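Enquirer: Quick one: the structure is below, and I'll ask about it shortly.
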Amino acid sequence: MTDNTSTRYAQGLAKLQEIDGQAGVNVINSLADIAPDFARYLIEFPFGDIYSRPGLDLRSREIAVVAALTAMGNAAPQLKVHIEGALNVGVGREEVVEVIMQMAVYAGFPAALNALFSAKEVFAARDLAEPA
């Protein structure tokens, strides 16, 4: 890797861990045996270049990502990771639900319904992981 590439990678990996924690690292690690270059691109471009820009805070970025993935309607695994990320950077559960409901207007009820079920799974998993 060149110095610029290694800087983008280091910056991206730090941002990925800040937002998604172990879940993001797991996604990257799952690509190691099939597409390690793609894993590197995922770290360098979205997280090293885009998420690291100063124009929006991480909270706003994750709200936008949850909205976009909801509207796509076919990205449930990625949506779950980004719902986790949104919660990790201070977006509340109620806000996640409201963002998803808002997308029903633009992406349709099936996409919003699928996203709500994804959110429900993420919330339930977090509840189980929290100490009693």
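The values are calculated or read from the model by the stated rules, or taken from the named source; none is laboratory data. Fair warning: this is a prediction, and the values are worked out from it, not measured in the lab. Don't worry about glycine lacking a Cβ; one is built from the backbone with ideal geometry, like all the others, and counts go over all protein chains shown.
Enquirer: Does any residue in region 100-111 that is on the phi < 0 side of the Ramachandran plot come within less than 7 Å, Cβ to Cβ, of a residue that is not in a helix (DSSP H, G or I) six or more places away or on a different chain, and which pairs are these?
Expert: The qualifying pairs are Ala107/Gly73; Pro110/Gly73; Ala111/Gly73.
Enquirer: Which ones in region 65-117 are among the small types (Gly, Ala, Ser) and over 26 Å from Ala129 (Cα atoms)?
Expert: Once the filter is applied, which keeps residues that are among the small types (Gly, Ala, Ser) and over 26 Å from Ala129 (Cα atoms), region 65-117 yields Ala68, Ala71, Gly73, Ala104, Ala107, Gly108, Ala111.
Enquirer: Name the single residue that is surrounded by the most Cβ atoms within 10 Å (Cβ to Cβ) among those in region 28-55 being within 15 Å of the chain's Cα centre (by Cα) and not in a helix (DSSP H, G or I).
Expert: Looking at the filtered set, the residue picked out is Tyr51.
Enquirer: Okay, moving on. Output the residues belonging to region 92-113 that are surrounded by 20 or more Cβ atoms within 10 Å (Cβ to Cβ) and under 24 Å from Gly21 (Cα atoms).
Expert: Correct list: Val96, Val99, Ile100.
Enquirer: Among the residues of region 65-74, is there at least one that is part of a loop (DSSP other than H, G, I, E, B), closer than 19 Å to Asn114 by Cβ and assigned by TED's automatic domain parsing to the domain that holds Ala129?
Expert: The answer is yes, given that some residue of region 65-74 is part of a loop (DSSP other than H, G, I, E, B), closer than 19 Å to Asn114 by Cβ and assigned by TED's automatic domain parsing to the domain that holds Ala129.
Residue-by-condition table, conditions (1) of a type in the set (D, E, K, R); (2) out of contact with any Gly (no Cβ under 7 Å at 6 or more places or on another chain):
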{"site": "Tyr9", "(1), (2)": "no, no"}
{"site": "Asp20", "(1), (2)": "yes, no"}
{"site": "Ala35", "(1), (2)": "no, yes"}
{"site": "Tyr51", "(1), (2)": "no, yes"}
{"site": "Asp57", "(1), (2)": "yes, yes"}
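Enquirer: Just give me the residues in region 65-86 being under 10 Å from the mean Cα position of the chain (by Cα) and more than 17 Å from Ala14 (Cα to Cα), in sequence order.
Expert: Val65, Val66, Leu69, Pro77, Gln78, Leu79, Lys80, Ile83 - these are the residues of region 65-86 that are under 10 Å from the mean Cα position of the chain (by Cα) and more than 17 Å from Ala14 (Cα to Cα).
Enquirer: I've got another one for you. Against the conditions (1) surrounded by fewer than 19 Cβ atoms within 10 Å (Cβ to Cβ); (2) in contact with a Lys or Arg (Cβ under 6 Å, 6 or more places away or on another chain); (3) part of a helix (DSSP H, G or I); (4) not hydrophobic (A, V, I, L, M, F, W, C), where does Pro77 fall short? Just the number, please.
Expert: Tallying (1) surrounded by fewer than 19 Cβ atoms within 10 Å (Cβ to Cβ); (2) in contact with a Lys or Arg (Cβ under 6 Å, 6 or more places away or on another chain); (3) part of a helix (DSSP H, G or I); (4) not hydrophobic (A, V, I, L, M, F, W, C), Pro77 fails exactly one: (2).
Enquirer: Let me ask something additional. Which residue out of Gly24, Gly85 is in the same structural domain as Ser118 (by TED's automatic domain parsing), in contact (Cβ under 8 Å) with a residue 24 or more places away in the chain and either exposed (fewer than 14 other Cβ atoms within 10 Å of the Cβ) or of a type outside the set (Lys, Arg) (or both)?
Expert: Just a single option satisfies the conditions, and that option is Gly85.
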